[in-house]
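Participant: I have a structure I would like to understand better, so I am pasting it below and will then ask my questions one at a time.
The values are calculated or read from the model by the stated rules, or taken from the named source; none is laboratory data. Predicted model only: the values in this text are computed from it and were never measured. With ideal geometry, Cβ positions are generated from the backbone for all residues, glycine too; neighbour counts draw on all protein chains shown. We work out accessible area using only protein heavy atoms, side chains counted, and drop any ligands, DNA or RNA first. Shrake-Rupley method; radii C 1.70, N 1.55, O 1.52, S 1.80 Å.
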Amino acid sequence: MSIEIKNIKRNFGSFSALNGVSLNIPTGELVALLGPSGCGKTTLLRIIAGLETPDSGSIHFQGEDATDIAVRERGVGFVFQHYALFRHMTIFENVAFGLRVRPKHTRPNETEIKRRVHELLNLVQLNWLADRYPPQLSGGQRQRIALARALAVEPKVLLLDEPFGALDAKVRKDLRRWLRRLHDELHITSVFVTHDQEEALEVADRIVVMNQGVVEQIGSPQEVYDNPASPFVYQFLGNVNLFHSRVHAGFAKIGDIELELDEHQQIQDSPALAYVRPHDIEILRYPDGTSIQAKISYIHAVGPIVHLELKRLDTNAHVEVELTRERFDSLKLNEGETVFLRPHNLRVFLQN
Amino acid sequence: MKNKHNKNTLPGFNLSLGYAVLYLSLIVLIPLSATFFKAFTLSWADFWQAVASPRVVASYKLTFGASLIGALINVVFGLLTAWVLTRYHFFGKKFVDAFVDFPFALPTAVAGIALSAIYSTNGWIGSWLEPFGIHVAYTPLGVVVALTFIGLPFVVRTVQPVLEDLGAEVEEAAASLGANRWQVFYKIILPAIWPALITGFALAFARAVGEYGSVIFIAGNMPMVSEITPLIIITKLEQYDYAGATAVAAVMLVISFILLFAINGFQWWSNRRFGNAR
Amino acid sequence: MAFSGGQIDALVMLDKKEDLMSVTISQYTKYTDKVASNRAISEAAWVRYTLIGLTLLFLSLFLFIPLAAVFTEALRKGAQTYFAAIVEPDALSAIKLTLIVAGIAVPMNLVFGVAAAWAIAKFEFRGKSFLTTLIDLPFAVSPVVAGLIYVLMFGLQGWFGGWLSDHDFKIVFAIPGIVLATTFVTFPFVARELIPLMQAQGKEEEEAALVLGASGWQMFWRVTLPNIKWGLLYGVILCNARAMGEFGAVSVVSGHIRGLTNTLPLHVEILYNEYNYAAAFAVASLLALLALLTLALKSYVEWQAAKNAADIEKEIKE
């Protein structure tokens with residue numbers, strides 16, 4: 001089922017959590033809402049679920065207006081951040097809950113409930129825990145039970161709030177791969193909230209980057225990583241170096257480098273910020289006219305990628321560079337040496 | 001009280017709040033306000049006559065004086081009890097801990113007759129005190145004993161959780177810095193628990209001021225000597241002096257409200273300030 | 001902007017934060033016996049034993065001896081007198097009335113407590129803390145005044161007194177007045193127990209039930225009620241103890257009509273004032289037993305609730 005979100009606004013007191021958010025989620029996609037805490041992503045997810053009501057704007061499921069449909073009739077599956085398992089019920093009863101509370105005429109009989117619950121428990125590979133209670137399970141197990149419980153009502157949309165947030169690093173990695181595979185099997189339109197860029201980049205078909213109640217960028221993981229639409233996205237996804245610069249008549253000047261910018265022809269002497277990823281900076285032994293002189297202050301050479309910290313000689317600004325082990329070895333760099341930096345893929349944003 | 005900024009999807013807000021406010025109004029607020037309306041029907045002179053006659057003033061002195069002494073006794077022994085229950089191990093500790101709430105559970109009339117039986121001149125304790133010329137039952141001292149009894153759990157139960165949550169680490173730190181046990185107590189522990197002590201004291205005092213059942217059996221109820229204010233209200237009622245009873249009740253109510261709001265305000269303040277007082 | 005970033009999720013997830021807070025508190029080194037055995041921060045043995053001794057002496061004087069006195073006095077004239085005092089018709093009718101009164105007042109305050117706690121713990125609204133203070137009000141009012149207010153409302157000279165006597169309906173000096181006064185003095189017990197409990201539990205489980213298609217009542221009966229049952233029981237036990245034992249408030253509205261409007265505590269008073277000590281203490285011993293039963297139940301419920309809380313903490317920590 002596709003989801004359309006049209007110009008949603010939501011305030012808490014004088015704080016604007018969502019300030020005109022619009023979004024289309026096609027059927028069967030796995031979408032990540034990514035942003036720092038306070039960006040409104042959880043509020044948006046809860047609005048899609050019907051757990052919050054927007055001040056204005058509308059939500060459409062498969063083209064039909066669902067804004068005023070009560071949460072219990074929306075037919076969404078929701079996995080809560082802390083799972084919200086009913087602690088006084090067994091795992092079996094937790095998963096069966098959504099079936100048992102149906103009105104009599106649509107409620108499956110006991111054998112059917114049993115069959116369905118065990119099927120779901122098998123799907124999440126935890127059938128052997130059916131008679132336990134939630135406190136007796138590990139975090140990862142609870143997470144999977146929460147998912148099975150949400151799937152029991154055969155939702156058209158699956159919503160997950162920070163699904164891996166409360167788990168430790170190892171379990172988190174396993175679970176997110178598992179979720180990806182599960183999604184590929186079930187193809188339920190799914191939206192999950194996360195503040196972890198790595199998680200979003202690895203799991204999602206598409207990423208919605210949010211900040212301060214607005215959508216900054218929507219795109220595939222590749223797009224948002226390689227072509228960030230705004231300084232915020234640049235800084236939020238991956239490491240980035242920031243150079244102060246000036247833009248004048250279609251040219252940006254960063255140190256000795258002059259960069260031609262077609263889109264800023266009309267700009268007269270304006271301050272700007274140039275962004276470049278650490279792995280997009282080349283290190284040269286000798287100057288080539290379009291490079292910046294810098295001194296290596298620290299080398300961290302463990303693993304396949306070598307991290308260098310440098311200090312620009314002209315501005316004393318701090319620069320980070322990532323090299324492959326191969327390149328690093330061929331350059332034979334040492335701490336304290338002076339080298340020349342040549343950035344590729346510089347993106348310039350005007351400061352106003 | 002409208003659910004304005006809170007578009008909560010949980011059901012039942014209007015129903016539950018509406019019912020709660022209606023019930024609160026019917027059982028508590030409207031009947032309480034009746035006291036003040038009735039009191040306002042009195043002329044100032046009559047009102048003053050009712051609340052400031054010598055016999056009534058003597059009852060205030062006894063009620064507040066005995067409540068104060070009782071609450072202070074409870075501060076000392078309540079702190080001691082809370083300390084012993086959280087810090088030391090002894091046989092029957094769990095039982096003693098549960099039993100601290102006994103004054104909450106025991107009907108006040110039973111407490112009253114039991115206390116007057118043991119503190120009367122031929123009672124278990126009274127007969128021991130008799131040779132020293134100490135009379136407890138049927139004197140103001142008896143009032144203090146009864147009010148100490150009913151206020152006993154308050155200080156223990158407010159201080160106990162704070163003592164439990166007080167990390168051992170800070171005491172160890174103080175000890176490692178060279179503080180002796182007594183210095184640790186009055187420089188580290190006492191500052192942490194004093195909001196709870198004051199709260200417990202105020203709760204015990206407020207409860208004692210209004211107490212009736214446990215006191216009247218042991219007090220002797222002699223006008224000007226051992227007659228508490230709640231008894232004055234009853235006496236006036238029995239003489240069909242409704243206006244007089246209401247006037248005294250209004251005075252007591254105002255004092256109760258002040259105590260309640262002072263306690264709530266103090267707890268709010270100390271929660272913000274210390275974050276640990278209950 | 002009034003709030004800085006980060007506060008919005010703080011708003012949404014307030015309930016979770018509180019759960020986490022309770023975990024942090026419990027993670028402090030609690031002052032257990034283990035810690036107390038640490039020599040650096042404990043007292044010399046003689047100090048410990050003196051303090052324990054003083055405490056036990058104080059508690060004996062004020063708690064254990066009075067309790068023992070009740071049973072000793074009750075049985076002073078033998079078991080036969082004791083049982084005679086209890087099965088005597090006036091005593092039986094007092095027992096009956098006490099049960100009736102508690103049987104009405106406790107459920108009324110139970111329903112109120114759940115409703116008030118639901119609104120206060122799960123929703124934000126203006127005047128919430130004021131309402132919470134008002135709920136505590138009856139604890140601050142002298143029981144005598146609590147009785148008096150109903151006399152002023154429904155007594156012969158009260159607001160509705162004329163109307164009531166015209167319609168030949170008695171509230172004061174009759175059972176309805178006793179029920180009302182008892183309801184007043186036991187008013188806050190259940191609500192006070194439930195409000196902090198439900199606040200700490202948050203709303204996630206209820207929301208989960210709704211998302212899974214439960215109706216409001218299904219959510220309440222299947223999720224909310226099972227989660228608060230120990231707190232509820234705790235409040236009811238305390239509420240019941242006070243309802244059955246209330247003396248001052250009931251004394252004002254009852255009229256002391258033997259066999260009709262006498263509750264157990266009032267019956268004790270009458271017997272005592274008639275110098276019928278053995279009978280007075282015999283009836284009092286029933287109330288003392290009730291108090292002991294209350295303490296036992298209370299300890300059991302506390303133990304159960306602590307066990308539950310430990311489970312929840314475990315659940316969040318992992």
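Participant: Anything in the stretch A:94-121 that is among the charged types (D, E, K, R) and farther than 21 Å from A:L158 by Cβ? List them, or say none. Don't jump to the end; show me each part of the working.
Facilitator: Step one: of the stretch A:94-121, the residues among the charged types (D, E, K, R) are A:100, A:102, A:104, A:107, A:110, A:112, A:114-116, A:119.
Scanning the stretch A:94-121 gives A:K104, A:R107, A:E110, A:E112, A:K114, A:R115.
Participant: Here's another thing I want to ask about it. In the stretch B:91-106, what count of residues is obtained for those that are open to solvent by less than 20 Å² (accessible area, probe 1.4 Å) and more than 7 Å from chain C (Cβ to nearest Cβ)? Break it down into steps so the answer makes sense when it comes.
Facilitator: So the first thing to find is which residues in the stretch B:91-106 are open to solvent by less than 20 Å² (accessible area, probe 1.4 Å), and the list is B:96, B:99-103, B:105-106.
Narrowing the set further to residues that are more than 7 Å from chain C (Cβ to nearest Cβ) leaves B:100, B:103.
Final tally of qualifying residues: 2.
Participant: Ok, one more. Kindly indicate whether C:L293 is open to solvent by less than 10 Å² (accessible area, probe 1.4 Å), within 24 Å of the chain's Cα centre (by Cα) and at the interface with another protein chain (Cβ under 10 Å from one of its Cβ atoms). Reasoning before the result, please.
Facilitator: Details: open to solvent by less than 10 Å² (accessible area, probe 1.4 Å): no; within 24 Å of the chain's Cα centre (by Cα): yes; at the interface with another protein chain (Cβ under 10 Å from one of its Cβ atoms): yes.
In short, no.
Participant: So A:V276 passes all but one of these: (1) out of contact with any helix residue (DSSP H, G or I) (no Cβ under 8 Å at 6 or more places or on another chain); (2) at pLDDT below 85. Which condition number does it fail?
Facilitator: Just one mismatch for A:V276, condition (2).
Participant: Would you confirm, using the coordinates I've provided, whether C:A69 is more than 25 Å from the chain's Cα centre (by Cα), under 18 Å from C:Y277 (Cα atoms), within 13 Å of another protein chain (Cβ to nearest Cβ) and assigned to a helix (DSSP H, G or I)?
Facilitator: So C:A69 fits the description; yes.
Participant: Still on this structure: Please go through the stretch B:126-158 and give me each residue that is within 12 Å of chain C (Cβ to nearest Cβ), modelled with pLDDT under 90 and touching a Phe, Trp or Tyr at 6+ places or on another chain (Cβ under 6 Å), ordered by number.
Facilitator: Once the filter is applied, which keeps residues that are within 12 Å of chain C (Cβ to nearest Cβ), modelled with pLDDT under 90 and touching a Phe, Trp or Tyr at 6+ places or on another chain (Cβ under 6 Å), the stretch B:126-158 yields B:G126, B:V136.
Participant: Given B:A202, B:A174, which one is modelled with pLDDT under 85 and assigned by TED's automatic domain parsing to the domain that holds B:W269? Steps first, please.
Facilitator: Details: B:A202 fails: modelled with pLDDT under 85.
Step by step, each of B:A202, B:A174 is checked, and only B:A174 is modelled with pLDDT under 85 and assigned by TED's automatic domain parsing to the domain that holds B:W269.
Participant: Now, a different point. Any idea which of (1) at pLDDT 95 or above; (2) facing another protein chain (nearest Cβ under 10 Å); (3) over 30 Å from C:T224 (Cβ atoms) is the one B:V75 doesn't satisfy?
Facilitator: With (1) at pLDDT 95 or above; (2) facing another protein chain (nearest Cβ under 10 Å); (3) over 30 Å from C:T224 (Cβ atoms) applied to B:V75, the lone miss is (2).
Participant: Restricting attention to the stretch C:84-122, which residues are open to solvent by less than 20 Å² (accessible area, probe 1.4 Å) and of a type outside the set (A, V, I, L, M, F, W, C)?
Facilitator: Correct list: C:T98, C:N109, C:G113, C:K122.
Participant: Kindly list, by first and then second residue, each pair from a residue in the stretch C:78-90 that is over 21 Å from C:H256 (Cβ atoms) to a residue that is of a type in the set (D, E, K, R), limited to pairs with Cβ atoms under 7 Å and residues at least 6 apart or on different chains.
Facilitator: Pairs found: none.
Participant: What helices (runs of 4 or more DSSP H), lying completely within the stretch B:49-146, carry at least 3 residues that are closer than 22 Å to B:P230 by Cβ? So that I can check it myself, show each step before the final result.
Facilitator: Working: elements: B:54-87, B:93-99, B:102-105, B:108-119, B:126-129.
Passing ranges, in order: B:54-87, B:102-105, B:108-119.
Participant: Would you mind finding the one in B:Y19, B:Y88 that is facing chain C (nearest Cβ under 9 Å), modelled with pLDDT of 95 or more and surrounded by 17 or more Cβ atoms within 10 Å (Cβ to Cβ)? Before the answer, list the steps.
Facilitator: Values: B:Y88 fails: modelled with pLDDT of 95 or more.
Sole residue among the options that is facing chain C (nearest Cβ under 9 Å), modelled with pLDDT of 95 or more and surrounded by 17 or more Cβ atoms within 10 Å (Cβ to Cβ): B:Y19.
Participant: Counting only residues that are surrounded by fewer than 24 Cβ atoms within 10 Å (Cβ to Cβ) and outside any helix (DSSP H, G or I), how many does the stretch A:39-48 have?
Facilitator: 0
Participant: Could you please find all residues in the stretch A:288-311 being touching a residue at least 40 places away in the same chain (Cβ under 8 Å) and open to solvent by less than 70 Å² (accessible area, probe 1.4 Å)? Quick ask: steps written out before the conclusion?
Facilitator: Quick first cut of the stretch A:288-311, residues touching a residue at least 40 places away in the same chain (Cβ under 8 Å) only: A:288, A:290-296.
Of everything in the stretch A:288-311, those that are touching a residue at least 40 places away in the same chain (Cβ under 8 Å) and open to solvent by less than 70 Å² (accessible area, probe 1.4 Å) turn out to be A:D288, A:T290, A:S291, A:I292, A:A294, A:I296.
Participant: I'm trying to understand the selection: among the residues of the stretch C:111-129, which are more than 7 Å from chain B (Cβ to nearest Cβ), of a type in the set (G, A, S) and within 14 Å of B:L15 (Cβ to Cβ)? Explain how you work it out, then say what you get.
Facilitator: Taking the stretch C:111-129 first, the residues more than 7 Å from chain B (Cβ to nearest Cβ) are C:111, C:113-114, C:117, C:120-121, C:128-129.
Among the residues that remain, those that are also of a type in the set (G, A, S) are: C:113, C:117, C:121, C:129.
If the condition is that a residue be more than 7 Å from chain B (Cβ to nearest Cβ), of a type in the set (G, A, S) and within 14 Å of B:L15 (Cβ to Cβ), then C:A117 is the only one that fits.
Participant: Next up: Just the residues that are more than 21 Å from C:G248 (Cβ to Cβ) and open to solvent by less than 10 Å² (accessible area, probe 1.4 Å), please, taken from the stretch B:108-135.
Facilitator: Matches in the stretch B:108-135: B:I118, B:G123, B:G126.
Participant: Restricting attention to the stretch C:168-179, does a residue exist that is open to solvent by 10 Å² or more (accessible area, probe 1.4 Å), aliphatic (A, V, I, L, M), at pLDDT 95 or above and assigned to a helix (DSSP H, G or I)?
Facilitator: So far as the stretch C:168-179 goes, yes, one or more of its residues are open to solvent by 10 Å² or more (accessible area, probe 1.4 Å), aliphatic (A, V, I, L, M), at pLDDT 95 or above and assigned to a helix (DSSP H, G or I).
Participant: When you check C:L164 against the structure, is it more than 8 Å from chain B (Cβ to nearest Cβ), modelled with pLDDT under 90 and surrounded by 18 or more Cβ atoms within 10 Å (Cβ to Cβ), yes or no?
Facilitator: On the way: more than 8 Å from chain B (Cβ to nearest Cβ): yes; modelled with pLDDT under 90: yes; surrounded by 18 or more Cβ atoms within 10 Å (Cβ to Cβ): yes.
Yes; evaluated as a whole, the condition is true for this residue.
Participant: Additional query: Listed residues C:A243, C:A214; which is open to solvent by less than 20 Å² (accessible area, probe 1.4 Å) and part of a helix (DSSP H, G or I)? Break it down stepwise before answering.
Facilitator: Values: C:A214 fails: part of a helix (DSSP H, G or I).
Checking each option against the conditions leaves just C:A243.
Participant: Quick check on B:T81: is it under 20 Å from the mean Cα position of the chain (by Cα), more than 7 Å from every other protein chain (Cβ to nearest Cβ) and modelled with pLDDT of 90 or more?
Facilitator: Numbers: under 20 Å from the mean Cα position of the chain (by Cα): yes; more than 7 Å from every other protein chain (Cβ to nearest Cβ): no; modelled with pLDDT of 90 or more: yes.
Spelling it out, it is not the case that B:T81 is under 20 Å from the mean Cα position of the chain (by Cα), more than 7 Å from every other protein chain (Cβ to nearest Cβ) and modelled with pLDDT of 90 or more.
Participant: When the residues of the stretch B:30-51 are filtered to those that are touching a helix residue (DSSP H, G or I) at 6+ places or on another chain (Cβ under 7 Å) and over 14 Å from B:Y242 (Cα atoms), which remaining residue is surrounded by the most Cβ atoms within 10 Å (Cβ to Cβ)?
Facilitator: Per the criteria, the residue is B:P31.
Participant: Can you name every residue in the stretch B:238-264 that is open to solvent by 20 Å² or more (accessible area, probe 1.4 Å), part of a helix (DSSP H, G or I) and over 21 Å from B:V28 (Cα atoms)?
Facilitator: B:E238
Participant: Taking the stretch B:52-68, which residues are open to solvent by 10 Å² or more (accessible area, probe 1.4 Å) and out of contact with any Ser or Thr (no Cβ under 8 Å at 6 or more places or on another chain)?
Facilitator: First, the residues of the stretch B:52-68 that are open to solvent by 10 Å² or more (accessible area, probe 1.4 Å): B:52-55, B:57-58, B:60-62, B:64-65, B:68.
Within the stretch B:52-68, B:A52, B:S53, B:P54, B:R55, B:V57, B:A58, B:K61, B:F64, B:G65, B:L68 meet the criteria.
Participant: A:I145 - would you say it is of a type in the set (V, I, T), at pLDDT 90 or above and open to solvent by 10 Å² or more (accessible area, probe 1.4 Å)?
Facilitator: No.
Participant: Of everything in the stretch B:159-194 that's buried (at least 18 other Cβ atoms within 10 Å of the Cβ) and more than 17 Å from B:T86 (Cβ to Cβ), which residue is farthest from the other protein chains (Cβ to nearest Cβ)?
Facilitator: B:A174
Participant: Among (1) over 29 Å from the mean Cα position of the chain (by Cα); (2) within 17 Å of A:K253 (Cβ to Cβ); (3) among the charged types (D, E, K, R), where does A:R347 come up short?
Facilitator: So the condition that A:R347 fails would be (1).
Participant: Still on this structure, please answer the following. Would you be able to say whether some residue in the stretch A:158-181 is more than 22 Å from the chain's Cα centre (by Cα), part of a helix (DSSP H, G or I) and touching a residue at least 24 places away in the same chain (Cβ under 8 Å)?
Facilitator: Residues of the stretch A:158-181 more than 22 Å from the chain's Cα centre (by Cα): none.
For the stretch A:158-181, residues more than 22 Å from the chain's Cα centre (by Cα), part of a helix (DSSP H, G or I) and touching a residue at least 24 places away in the same chain (Cβ under 8 Å): absent.
Participant: Of everything in the stretch A:37-87, what is at the interface with chain C (Cβ under 8 Å from one of its Cβ atoms) and among the aromatic types (F, W, Y)? Give them in sequence order.
Facilitator: A:F78, A:F80, A:F86
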